[in-house]
Amino acid sequence: MKQLYHVFTSMRPHQWTKNLVVFAGLIFSQNFRQQALLLRTVEAFVVFCVLSGVIYIINDIADVQKDRLHPTKRTRPLASGALTIPVAVMAALVAGAAGLFLSWQLGSGFLTVAVIFCALNLLYSFVLKRVVLLDVVSISLSFVLRAIAGVEALRDVEPSIAISPWLLICTLFLSLLLAFCKRRYELTSLENAAGHRETLQEYSPILLDQLVGITAGGSVIAYAIYTIWPETVEKFGSTHLVYTVPLVLIGVMRYLYLVYNKQKGGSPSDLLLHEKFLLFDVLAWIVLVIAILGGI
C-alpha cells in the first residue's frame, strides 16, 4: 500500500490544477449547462490528470540523481528511495495505457491530441528541457494542447463546437509567462541553479525580465482582443465579455507582484491554491464569464 501511495504522490495531484484548461472549450462554447458535455469534459480532465501524472513519474525517473541534490525535490518518493524505479516504471506503463484507452473512448480527435501531448512531454523530459527557450515553449504548448483536447472531447458529440484562435494565443502567452517566472525564481533562488536545471546557465535575470514583460503584456492584450473580436461578439451576442478584462489584468499584475516583491513563482499551482487574493480573482473571473455567457 505504501508503494501505491508513493506512486500517487509522484503523479503530483497538487499540479492537476493545470488541467483545468480543459474546461475552456465547455465554458466558451456555452455548453456548461449540458450534462452530457459536462460529463465528457470531466472525463477529459481526469484523462489529462492521469497522463500528466505519468509524465511526472517518467520525469522523476530521468532526473532522480539531480533531484537528490535539490533542497526540496530530494524528498520526492523516487529521489528519497521510498519508491523504487521498477515499481515506478510499471506504474507509468499501466497508468499510461489506461489513460490512452480512456482517450480512445472520447473520440479519435481527443486521442490524437492526447498522443501528441504525451509525445511532446516525453520529448521534453529527455531532450527539450536541455534546450534554452524550447524548454519553456514546449511547456507552454502542453497547455495549448490541453485547451484543444477539451474542445475535441466535445466535438465528438457536437461537431460544430470550436475554440477561438485568440483564446489559444492567450493560453500560449499566459503559460509562457508562468514558465518564465518559474525559471526566474529558480535562477535567483537556487544556490546551484545550473546543477538543478541545465538550461538555467543560458538564462539571465535581465533576459527573463524582458521575456516576462513580453508574455505578460501579450496574454492580457490577446485576451482583450478576443473579448471584442467581431466573431466573439457575434457568437455570444454581447460585448459584455470585455468587462472581464480588468480581472485578467489584476490577476497578471498580482502574480508579477508575488514573483518580484515576494520572491514567489516557483510553483504556479501552489500560488493559485494558497494565495487568497489570486484565488479570489480567478474565481471571480470564472463566475463573471459564466454569468455573461449564460445571459445573466
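Taking segment 1-28 as the range and being part of a helix (DSSP H, G or I) and either in contact with a strand residue (DSSP E or B) (Cβ under 9 Å, 6 or more places away or on another chain) or among the charged types (D, E, K, R) (or both) as the test, the residues that pass are Lys2, Lys18.
Let's see how each residue does on (1) farther than 28 Å from Leu172 by Cα; (2) of a type outside the set (A, V, I, L, M):
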| position | (1), (2) |
| --- | --- |
| Cys49 | no, yes |
| Ile55 | no, no |
| Asp60 | no, yes |
| Lys66 | yes, yes |
| Pro71 | yes, yes |
| Leu100 | no, no |
| Ile116 | no, no |
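When Ile163 is tested against (1) part of a helix (DSSP H, G or I); (2) modelled with pLDDT under 85, only condition (1) is not met. Annotation: of all residues in segment 1-32 being aromatic (Phe, Trp, Tyr) and at pLDDT below 90, the one that is nearest to Phe48 (Cα to Cα) is Trp16. Note on segment 107-131: among residues that are more than 19 Å from the chain's Cα centre (by Cα) and of a type outside the set (A, V, I, L, M), the one that is nearest to Arg197 (Cα to Cα) is Arg130. The conditions of being touching an Asp or Glu at 6+ places or on another chain (Cβ under 9 Å) and modelled with pLDDT under 95 are not met by Leu241.
Looking across Val136, Val89, Val144, one residue alone is more than 16 Å from Val47 (Cβ to Cβ) and open to solvent by 30 Å² or more (accessible area, probe 1.4 Å). It is Val89. Annotation note: of Val113, Val64, Val47, the sole residue that is at pLDDT below 95, β-branched (Val, Ile, Thr) and surrounded by 15 or more Cβ atoms within 10 Å (Cβ to Cβ) is Val64.
Every condition in (1) among the hydrophobic types (A, V, I, L, M, F, W, C); (2) farther than 27 Å from Thr199 by Cβ; (3) in a helix (DSSP H, G or I) holds for Ile148 except the one numbered (2).
Comparison of Arg183, Arg254 shows that the only residue that is closer than 18 Å to Ser138 by Cβ and either among the basic types (Lys, Arg) or touching a strand residue (DSSP E or B) at 6+ places or on another chain (Cβ under 7 Å) (or both) is Arg183.
Number of residues in segment 20-36 that are open to solvent by 10 Å² or more (accessible area, probe 1.4 Å), out of contact with any Lys or Arg (no Cβ under 8 Å at 6 or more places or on another chain) and touching a residue at least 40 places away in the same chain (Cβ under 8 Å) equals 10. Checking the stated criteria, Ser103 turns out to be surrounded by 15 or more Cβ atoms within 10 Å (Cβ to Cβ), at pLDDT 90 or above and either closer than 16 Å to Val157 by Cβ or more than 20 Å from the chain's Cα centre (by Cα) (or both). Examine segment 136-155 for a residue that is more than 30 Å from Ser29 (Cβ to Cβ) and either modelled with pLDDT under 95 or charged (D, E, K, R) (or both), and state whether such a residue exists. No: segment 136-155 contains no residue that is more than 30 Å from Ser29 (Cβ to Cβ) and either modelled with pLDDT under 95 or charged (D, E, K, R) (or both). Among the residues making up segment 251-290, those that are surrounded by 14 or more Cβ atoms within 10 Å (Cβ to Cβ), in contact (Cβ under 8 Å) with a residue 60 or more places away in the chain and not in a helix (DSSP H, G or I) are Lys264, Gly265, Gly266, Ser267. Checking each residue in segment 46-58 for being of a type in the set (Phe, Trp, Tyr) and touching a residue at least 60 places away in the same chain (Cβ under 8 Å) picks out only Phe48.
The values are calculated or read from the model by the stated rules, or taken from the named source; none is laboratory data. Just so it is clear, the structure is predicted and the values come from calculations on it, not from any experiment. Here Cβ is always computed from backbone atoms with ideal geometry, including for glycine, and neighbour counts include all displayed protein chains. Surface areas here come from the heavy atoms of the whole protein model, side chains and all, with no ligands, DNA or RNA. Shrake-Rupley method; radii C 1.70, N 1.55, O 1.52, S 1.80 Å.
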